[in-house]
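Values quoted throughout were computed directly from the atomic coordinates according to the rules given, and no laboratory measurement underlies them. Worth saying up front: this structure is predicted, and the values here are computed from it rather than measured. Cβ sites come from the backbone with ideal geometry, for glycine too, and all protein chains shown count toward neighbours.
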Amino acid sequence: SLAMIGTIVLAWFVLHTPAVGGINGLLETLPESTFQFLPTVGGNAAASDAFTLPLTTFIAFVGVQWWASWYPGQEASGGGYIAQRMMSSKDERHSLLATLWFTIAHYCVRPWPWILVGLASVVLYPTAIDREAAYVMALRDHLPEGWRGLLLAAFFAAYMSTIGTQLNWGCSYIINDFYKRFFRTQATESHYIRASRITTLLLMLLGGVATFYLESIRQAWEFILESGAGIGLVLILRWYWWRVNAWSEIAALIASVAGFVYLKIFTEVAFPSTLLYLVSWTTVCWLVITFLTPAEPLDHLIKFYRRVRPGGPGWRRIARLSGEPPPESIAIALVDWVAGCSLVYSTLFGIGALLFRSTFAAIPYAVCALASSLFIHYRLSRREWTRTNG
């Protein structure tokens with residue numbers, strides 16, 4: 001929350017510097033294409049600027065990346081971070097509402113102070129060589145001393161929190177799911193604690209070494225998206241198809257990394273075109289392994305279905321064997337998904353229209369967001385909720 005307050009304050013001070021002149025100053029100084037919510041699609045990579053995407057890039061981002069790639073905290077199937085928030089809620093209804101609110105706050109509200117500072121930095125530092133440093137330069141040059149210290153402290157706290165989360169998460173995988181299961185199954189708790197500390201230190205060292213091979217933040221994100229390309233589909237389908245097992249996920253993890261290494265060493269395919277190759281390769285690999293390996297035990301699948309009630313045709317066989325009602329139609333889930341996406345995007349663009357255009361321009365987005373909200377409320381009011389705890 002401190003970081004969010006600090007970014008809002010930074011946006012306020014930066015926008016009100018004489019060189020920027022507020023929102024009106026941005027509108028007068030920057031090209032009109034800067035304020036388009038959707039990029040121009042077409043052209044080639046060499047001719048493209050920040051607001052133009054080649055067709056291949058557009059397909060990779062809009063048609064593939066969001067569901068096919070795995071990256072921490074934003075997995076296609078939700079992921080551990082989201083699951084922890086959901087499981088800490090009072091009941092199923094509260095978990096859904098909390099997740100919906102998080103999505104709106106995270107994607108619709110939180111980015112706008114960053115976007116405003118980013119646009120202002122283009123005006124303030126038009127000749128800056130290091131674009132990634134422009135945000136820090138704006139913080140250094142235009143934030144009063146008290147606020148500057150507060151924002152720096154908040155950023156460092158958020159950074160350390162993220163690092164601590166990733167180290168703890170990675171260490172838990174290595175110790176609990178690998179070391180404890182296959183090497184020292186009967187050791188004492190003190191032994192596992194020592195092993196965890198050593199593993200955490202090794203992960204820190206490996207992470208530090210990796211930073212020397214990365215020249216920019218963009219390169220780091222590209223690495224994460226490429227090395228996890230194709231994993232997203234198996235993470236989604238495990239909720240909609242009973243045949244997916246642990247070996248499916250393991251095969252996807254290995255295949256995506258192997259494919260990434262091959263493309264980097266033996267080809268000159270550049271990001272994001274690499275996603276198209278990697279997703280195809282990884283999907284074929286995990287599907288083959290899925291059919292070559294046995295499914296999870298039938299009694300386990302029946303227990304899972306009775307507890308979770310996954311939807312879609314992929315669970316019909318298990319539903320019949322369990323004696324429970326058939327799974328919910330996947331078409332209904334898709335309609336709910338479209339309504340949720342409509343709410344998020346219309347809210348995001350509506351705030352932008354209110355900032356850069358006019359209240360009148362924001363009305364269509366507001367109407368769309370309201371209609372989506374009413375539909376979601378209608379769907380939630382008709383759902384039978386299961387109390388999970390308390």
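How high is the relative contact order of segment 329-390, given as a whole-number percent (alpha carbon pairs under 8 Å, six or more residues apart)?
The normalised contact order for segment 329-390 reaches 36 percent.
Given points 7 Å out from each Cα along the Cα-Cβ axis, report the residue 98 to residue 337 separation in nanometres with one decimal.
In this crude spin-label approximation the distance works out to 2.4 nm.
Helix 330-356 sits at what angle to the longest principal axis of the chain, using alpha carbons and giving 0 to 90 degrees rounded to 10?
It is inclined by approximately 10 degrees.
Hey, how many Å between the Cα centroid of segment 328-390 and the Cα centroid of segment 222-280?
31 Å
Relative to the Cα centre, what is the charge dipole magnitude of segment 218-296, using +1 at the beta carbon of each Lys and Arg, -1 at the beta carbon of each Asp and Glu, and rounding to the nearest 20 debye?
80 debye
May I ask you to give the average projected area over all directions of the convex hull of the Cα atoms of segment 114-227, in nm² rounded to one decimal?
Result: 10.1 nm².
Scan (i) 23.9; (ii) 25.5; (iii) 19.8 for the value of mean projected area of the Cα convex hull in nm² calculated from this model and give just the label.
Evaluating mean projected area of the Cα convex hull in nm² on these atoms matches (i).
Relative to the longest principal axis of the chain, what angle (0 to 90°, nearest 10) does the C-alpha long axis of helix 298-308 take?
40 degrees
In what order do 160, 86 fall by count of nearby beta-carbon atoms within 10 Å, going from fewest to most?
Sorted ascending by nearby Cβ count, the order is 160, 86.
Return the distance in nm (one decimal) between the two label points of a simple spin-label model at residue 367 and residue 131, each offset 7 Å from Cα along Cα→Cβ.
Between residue 367 and residue 131, the simple spin-label model gives 3.6 nm.
For segment 329-390, what is the Kirkwood estimate of the hydrodynamic radius, computed as the reciprocal of the mean inverse distance between distinct Cα atoms, to one decimal in Å?
13.0 Å
In square nanometres and to one decimal, what's the mean projected area of the convex hull around the Cα atoms of segment 218-296?
If you wrap the Cα atoms of segment 218-296 in a convex hull and average its projections, you get 5.1 nm².
Helix-only estimate, please: 222 nm mean residue ellipticity of the chain, summing -39500 (n - 2.57) across DSSP H runs of length 4 or more and dividing by its residues, to the nearest 500.
Computed ellipticity for the chain at 222 nm equals -21000 deg cm²/dmol.
Within 10 Å, count the other beta carbons around each residue, average over each peptide in 313-321, 6-14, and list them highest first.
With the highest mean Cβ count within 10 Å placed first, the list reads 6-14, 313-321.
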